Amino acid sequence: METFALDKSRYDINTSTSPPSVFPPRSATLSFVSEPSSPGSGTGSLNVSRLRKNSAKIRKRQMNSYMASPIHSATSVKSTVSKHLSSKPWEYVPILTEEQYNEKKERLLRNSKLKLELEKYWNIQTPSRLEKKRLEEISSEDEDYDTDLDQELVGLELIVDEKTKQIKDDGVFPEYKRMCRKLNVIPNHYLIRHSTDDDIRLRYRYLSKNDCTAMGYEMKDNLTFSKIDLEDNGMTGKHIHALAEMLLQNHYVSEINLANNPVGIPGAKVVRYILTNNTHIRKVDLTGCKIQDFGGKLMASILQSNEYMKQLLLGRNGIGDEAATQIGKSLESNSSLEILDLSWNQITRFGAQALATGLKHNQRLHSLILNMNGVGKEGGCSLIECLRLNSTLTLLDLGANRIPDDIATVVARVLPLNKALQTLKLSYNLITSEGAMTLLKPWSSKIKKRSPLQTLELDGTDAHTELALLVHKLREKRGLNVTLRLPPSRREKSLDPLMGSLMYIVKFCDKEDVDLTELFPKSYEEKGVLISTDDVVELIKHSGKDISKYRIHELKRTLQETRERRFELKELMTIHNQIKQGKDPYREDSLRSAIAGKRRGIPTETLQPSTPSTAGVRFRGGSDDED
């Protein structure tokens, strides 16, 4: 019974000892992973990827290989199992022999781009490194000092080298160039070259929005730019928006020029936001920016809140009376603006009267420019009348505003009481010579004290002799500079090049001993016969005098400009007589007759000097003998 109990205990399924197994365990399910072998396996694993259930041939093949293989140790079985269960890739790398390691090391030292870093890492003593180490030991004060910096800083040196290479590739302004690459625009080399200038001028380049964004990113922290000129670049509201952050954060920019850009009303809104929230911009030029009347109202709101801006230029913007009225109200409370330009707009007498009301209470504005508007009689008189109460305005420009003679009496009554105005411009209005005389009468009075008025512009007014004498008297005795169209006999210099040619002919003949009175045939003295400078040269050439060819060639070359101009013999003889008498033909100016000019076929532009002239107008008290 005892033996039976022992046998039963050996095969009892509830005991902890498992019965010896002759066959390897069979997979009950399909397996897609090779299973580890049991102790005694010859191959270390069954190497069966897919077992089909109840396959007798496969089981027989496994049994034959199992019985024929030698028994492996438990250690080898464990390593095989861990090979399949481990996910660490470096455990599969075979161990290199010393010979293989040295061979790879030599190959890296010979071909690698990191040769110097690897020499530091392996501490290979090359001649250069030995010399460097010797110098370090000599210069070191601590003999026991030892460090592994050469090995630890290899990565840091690589980073520094890479950064140095990047700076070398990008040059100056690497951040600006990276921003340009990001925005796909070309870096502005003018901006880079003039990065240290006080005044940066970027005109006529037609910048894109991304250009403005990249430039604004670069100029945001720039400490040198004080004036930025972006005139005529095709910039709209979105371009101004791209520069807004720069103009708000850069506290060194004091002047910004956006003239002749189609900024429009959207851009005017951005400009208003910029100027309302900064304290550093002193001058803004928005000439020709098409902001219209609505934009003018926005600029008026700026004047109410901004206490730092000194110059605002709004010419050629289509600003009308509504905006002018708002600007006039803003001038009443503004205490910083010094120059206001509203030229070439659409301001009539209503807007001018509103501006005059604002000037009565303003004690800061120095210059008001209103030329090329339509203020008319009422508007002009209102602006002159406001000078009774204004004591700061030094320049008032009312040129080309259709102002008649009626303003002369107002000017004569008001300006003697004003102690500030220095320049008054009334050019190209409807003022006649009589009006100019009335206007200047107070300054010719003996009891009139010296006025601060220094310049009075009346260009476009035809001056007769009496007015010309009065102007000369005021310039000499009162220091008042009055500009107007003087008679030809009182002009300083003619702009007609024919005068210079005829004077050169007279001097040439005098030097070569050629008598002009005997040079011309009798037929040339007939009235209406016109000659040219080429005709005169030919007559001089065949005059019988011994004149060298070189001198004749020089004479032709000097008269080349006026070779097509024709004149009367009488005019040449007049200049000849004036030079003989010691007079200056430029001041006498006998060629400025419009009738004679019309006969000669002179183009109209040759008769127009730099300042408007009265060529061809018969002046009161004067005479035109040459006509």
Run down 336, 343 and say which single residue is farther than 13 Å from residue 397 by Cα, small (Gly, Ala, Ser) and open to solvent by less than 20 Å² (accessible area, probe 1.4 Å). 336
Does segment 335-368 hold any residues that are closer than 12 Å to residue 311 by Cα and of a type outside the set (Ser, Thr, Tyr), and which are they? 337, 338, 339, 340, 341, 342, 364, 365, 366, 368
Failed condition for residue 393, given (1) hydrophobic (A, V, I, L, M, F, W, C); (2) closer than 14 Å to residue 355 by Cβ; (3) open to solvent by 10 Å² or more (accessible area, probe 1.4 Å), with all others met? (3)
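From the list 388, 349, 402, which one is open to solvent by 50 Å² or more (accessible area, probe 1.4 Å), at negative phi and within 39 Å of the chain's Cα centre (by Cα)?
Working: 388 fails: within 39 Å of the chain's Cα centre (by Cα); 402 fails: at negative phi.
Among 388, 349, 402, only 349 is open to solvent by 50 Å² or more (accessible area, probe 1.4 Å), at negative phi and within 39 Å of the chain's Cα centre (by Cα).
For segment 459-486, give me the residue count where each residue is open to solvent by 60 Å² or more (accessible area, probe 1.4 Å) and under 22 Å from residue 404 (Cβ atoms).
Going through segment 459-486, the residues open to solvent by 60 Å² or more (accessible area, probe 1.4 Å) turn out to be 466, 469, 472-473, 475-478, 481.
Applying the additional criterion that residues be under 22 Å from residue 404 (Cβ atoms) yields 466.
Total meeting the criteria: 1.
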Could you tell me whether any residue of segment 307-328 is farther than 21 Å from residue 390 by Cα, open to solvent by less than 10 Å² (accessible area, probe 1.4 Å) and touching a strand residue (DSSP E or B) at 6+ places or on another chain (Cβ under 8 Å)? yes
Out of the strands (runs of 3 or more DSSP E) lying entirely within segment 242-318, which hold 1 or more residues that are more than 19 Å from residue 212 (Cβ to Cβ)? 283-285, 311-313
Any residue in segment 590-601 that is modelled with pLDDT of 60 or more and either loosely packed, with under 14 Cβ neighbours inside 10 Å or among the charged types (D, E, K, R) (or both)? no
Of the residues that sit in segment 466-521 and are in contact with an Asp or Glu (Cβ under 7 Å, 6 or more places away or on another chain) and in a strand (DSSP E or B), which one is modelled with the lowest pLDDT? 485
Can residue 232 be described as touching a Lys or Arg at 6+ places or on another chain (Cβ under 8 Å), open to solvent by 20 Å² or more (accessible area, probe 1.4 Å) and at positive phi? yes
Would you confirm whether or not segment 407-415 contains a residue that is more than 22 Å from residue 341 (Cα to Cα), touching a residue at least 40 places away in the same chain (Cβ under 8 Å) and either open to solvent by less than 30 Å² (accessible area, probe 1.4 Å) or within 39 Å of the chain's Cα centre (by Cα) (or both)? no
Condition test on residue 529, is it at pLDDT below 85 and either out of contact with any Ser or Thr (no Cβ under 6 Å at 6 or more places or on another chain) or surrounded by 16 or more Cβ atoms within 10 Å (Cβ to Cβ) (or both)? yes
Leading residue by the ranking (nearest to residue 289 (Cα to Cα)) among those in segment 213-224 that are assigned to a loop (DSSP other than H, G, I, E, B) and in contact with an Asp or Glu (Cβ under 7 Å, 6 or more places away or on another chain): 220
Could you check segment 217-229 and list, in sequence order, the residues that are open to solvent by less than 50 Å² (accessible area, probe 1.4 Å), in contact with a helix residue (DSSP H, G or I) (Cβ under 8 Å, 6 or more places away or on another chain) and not basic (Lys, Arg)? 218, 219, 225, 228
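So which residues in segment 566-587 are farther than 18 Å from residue 520 by Cα and surrounded by 13 or more Cβ atoms within 10 Å (Cβ to Cβ)?
Hits for segment 566-587 are 578, 579, 585, 586, 587.
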Show the residue pairs that are 6+ apart or on different chains and have beta-carbon atoms under 7 Å apart, the first residue being within segment 262-289 and on the phi > 0 side of the Ramachandran plot, the second being of a type in the set (A, V, I, L, M). 264/291; 288/259
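The values are calculated or read from the model by the stated rules, or taken from the named source; none is laboratory data. Treat the numbers as computed from the prediction; the structure is a model and nothing was measured. Here Cβ is always computed from backbone atoms with ideal geometry, including for glycine, and neighbour counts include all displayed protein chains. The protein model used for the area step is the full one, side chains on, heavy atoms only, and it has no ligands, DNA or RNA in it. Shrake-Rupley method; radii C 1.70, N 1.55, O 1.52, S 1.80 Å.
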